[in-house]
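*Asks:* Please see the structure below; I have some questions.
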């Protein structure tokens with residue numbers, strides 16, 4: 001079993017990752033702004049702080065073998081994904097942690113054409129009008145993460161609150177899969193599986209419902 005650092009442990013995907021990793025027997029060091037939001041567990045180490053605080057990030061990563069980043073923002077929050085990812089990468093380099101997996105999105109980087117196949121309306125209208133800043137943040141965060149040679153960039157299609165099925169498809173950016181949504185719990189299942197599965201290290205992958 002491994003000790004992993006989890007960033008974004010109370011978010012829509014992160015909370016599922018935390019539960020899955022703990023149930024799999026791993027030790028989780030979770031960086032959260034409000035520690036009381038996480039239920040106590042014998043294998044859970046809670047570090048209080050923000051991902052924008054480099055010292056707090058470094059503390060959360062101490063003695064960890066891998067980092068799972070589920071950072072995201074809502075319309076009510078200032079963007080933190082890029083700065084947070086840079087802090088994670090800096091701490092990983094200092095502590096010589098070599099494995100990272102981060103949640104991004106379909107439509108970022110070389111998956112832009114794939115995003116259009118999934119939903120041309122979303123990519124041509126919704127993103128430019130409402131999500132331009134968030135997509136820019138993810139582009140910058142991906143660039144920061146790639147400094148880590150074994151980083152896995154996980155780009156799920158549209159997220160849903162449906163119950164997870166435990167089934168998903170891992171695709172390259174040029175696949176023809178056009179599934180519109182995937183449950184957050186299934187994205188979390190893939191993220192947690194990466195702790196012991198090194199198949200995708202150093203790659204950007206798209207994630208769809210099976």
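Derivation of every value follows stated rules applied to the coordinates shown; laboratory data play no part. No experiment lies behind these values; they were computed from the predicted model shown. Positions of Cβ are backbone-derived with ideal geometry, glycine not excepted, and every protein chain shown enters the neighbour counts.
*Asks:* Would you mind checking the tilt of helix 132-145 against the longest principal axis of the Cα atoms of the chain, expressed as 0 to 90 degrees and rounded to 10?
*Replies:* 50
*Asks:* Calculate the spin-label point distance for residue 136 paired with residue 198, positioning each point 7 Å from the Cα along the beta-carbon direction, and give it in nanometres.
*Replies:* 3.9
*Asks:* OK, next. Could you compute the FRET efficiency for residue 210 and residue 41, with r as their C-beta to C-beta distance and R0 at 30 Å, rounded to 0.05?
*Replies:* Calculated transfer efficiency: 0.55.
*Asks:* Same structure, new question: In nm, what is the difference between 0.36 nm times the number of residues separating residue 117 and residue 163 and their Cα-Cα distance?
*Replies:* Extra length available between residue 117 and residue 163 comes to 14.1 nm.
*Asks:* Please build a GNM for the chain, connecting alpha carbons under 10 Å apart, and tell me which residue among 47, 67, 28 fluctuates the most.
*Replies:* 47
*Asks:* While we're here: So for the stretch 3-209, Kirkwood radius off the Cα pairs, Stokes-Einstein at 10 °C and 1.306 mPa s: how many µm² s⁻¹?
*Replies:* Translational D for this selection: 94 µm²/s.
*Asks:* Helix 81-95 versus the longest principal axis of the chain: what angle, 0 to 90°, nearest 10, using Cα atoms?
*Replies:* The angle comes out near 40 degrees.
*Asks:* Given Cα positions, please report Rg to Rh for the stretch 1-71, the hydrodynamic radius being the Kirkwood one.
*Replies:* With Rg and the Kirkwood Rh in hand, the quotient comes to 0.91.
*Asks:* Out of every Cα-Cα pair in the stretch 150-204, what percent are more than 15 Å apart?
*Replies:* Cα-Cα pairs of the stretch 150-204 separated by over 15 Å account for 48 percent.
*Asks:* Between the helical axis of 184-193 and the dominant principal axis of the chain, each derived from Cα atoms, what acute angle in degrees is found, rounded to the nearest 10?
*Replies:* Result, in degrees: 60.
*Asks:* Just grab the label-to-label distance for residue 55 and residue 98, each label 7 Å out from Cα along the Cβ direction, in nm (one decimal).
*Replies:* 3.1
*Asks:* Let me ask you something else. Peptides 148-156, 173-181: what's the order by average Cβ count within 10 Å, highest mean first? Before the final figure, lay out the partial values.
*Replies:* Details: 148-156: 21.9, 173-181: 14.0.
Averaged packing, sorted descending, gives the order 148-156, 173-181.
*Asks:* Using a 7 Å offset from the Cα along the Cα-to-Cβ direction at both residue 24 and residue 65, what is the distance between the two label points in nm, to one decimal?
*Replies:* 1.1
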